[in-house]
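Take a look at the structure below.
The values are calculated or read from the model by the stated rules, or taken from the named source; none is laboratory data. Treat the numbers as computed from the prediction; the structure is a model and nothing was measured. No Cβ is skipped: glycine too gets one built from the backbone with ideal geometry, and neighbour counts run over all protein chains shown.
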Amino acid sequence: MSPAKISLPIVGEPNSILFKTKTNSWFSMAIAITIIVLWSVSLVGLLKLDLNHLPVILIILAMWLRVFLHTGIFIIIHDAIHGVVCQNKQINNLMGYLASFLYAILPYQTLATNHRLHHNYPASEQDPDFYAANPHNFLLWYISFMQDYQKGRQFWILFWGMTIIFWILILLHISIANIFLFWVIPIIISSLQLFTFGIFLPHCPRKSGYSDRHRAKSSNYSVLVSFLSCYHFGYHWEHHQYPYLPWYKLPQAHQAASDQ
């Protein structure tokens, strides 16, 4: 069977009304649009910002905001792959393609195919997001993870795409410092954030082994810390158990699992 035809697993259907997402499609779309608007407005505003007389602490906070919103763009990609941004398939996929472009000119279909494999064969050699050679080495796993999404033609698409955007910004008289602080660096930090909370910590093998076929573990962060750390990606076992849930419903799933 072709990897592109693999279906995301739908398991563990809960009875609680909290998990019924069909009536919340409009809410998921509203959140996705809000993130994109905030991402766009913050980027335009901060690129034009005069940094000369701005306190360092405010620059750091502005960078953190850009990282957080950039990670939110990837969350839209992720939820679009699971078909939970919008019930309308065409609109859902359009949001996925748009978010993929905004994040780092990423190939949405490749992301979707690899993520389906990740769900079907988590933390195994068949999982393209897993580093079987040395899954306890954070740096090597991160490098391997990034290289897998920048192979062949995609490397040149990213290289030339980022180069063109960079020079367009320069021609618009945007400061190089602003470009790096509020566009380039947030992309890098966001990728580290997503890798840490969405791949490495949940799927790094433990001495006791895995407890079930999801081969994943969840964090015990509070809801606020979970949200700020990576949009609840830390509630990772719950995501694998209920892959049809949008990211903002994972805290309820985590609470329900904790109560059992």
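So which residues in region 210-237 are under 18 Å from residue 129 (Cα atoms), part of a helix (DSSP H, G or I) and either without any contact (Cβ under 8 Å) to a residue 24 or more places away in the chain or more than 14 Å from the chain's Cα centre (by Cα) (or both)?
Residues of region 210-237 that are under 18 Å from residue 129 (Cα atoms), as a first pass: 210, 213-218, 230, 233-237.
Still in the running and part of a helix (DSSP H, G or I): 230, 236-237.
The one that is under 18 Å from residue 129 (Cα atoms), part of a helix (DSSP H, G or I) and either without any contact (Cβ under 8 Å) to a residue 24 or more places away in the chain or more than 14 Å from the chain's Cα centre (by Cα) (or both): 237.
Counting just the residues of region 224-260 that are in contact with a Phe, Trp or Tyr (Cβ under 7 Å, 6 or more places away or on another chain) and of a type in the set (S, T, N, Q), which one comes out surrounded by the fewest Cβ atoms within 10 Å (Cβ to Cβ)? In this case the residue turns out to be 229.
For region 142-197, list the helices (runs of 4 or more DSSP H) that sit wholly inside it and hold at least 2 residues that are closer than 21 Å to residue 109 by Cα; which are they?
153-171, 185-195
The residues in region 174-209 that are modelled with pLDDT under 95 and over 22 Å from residue 229 (Cβ atoms) can be counted, and the count is 3. Give me a count of the residues in region 171-209 that are surrounded by 12 or more Cβ atoms within 10 Å (Cβ to Cβ), over 14 Å from the mean Cα position of the chain (by Cα), hydrophobic (A, V, I, L, M, F, W, C) and over 17 Å from residue 63 (Cβ atoms). Residues meeting the conditions: 2.
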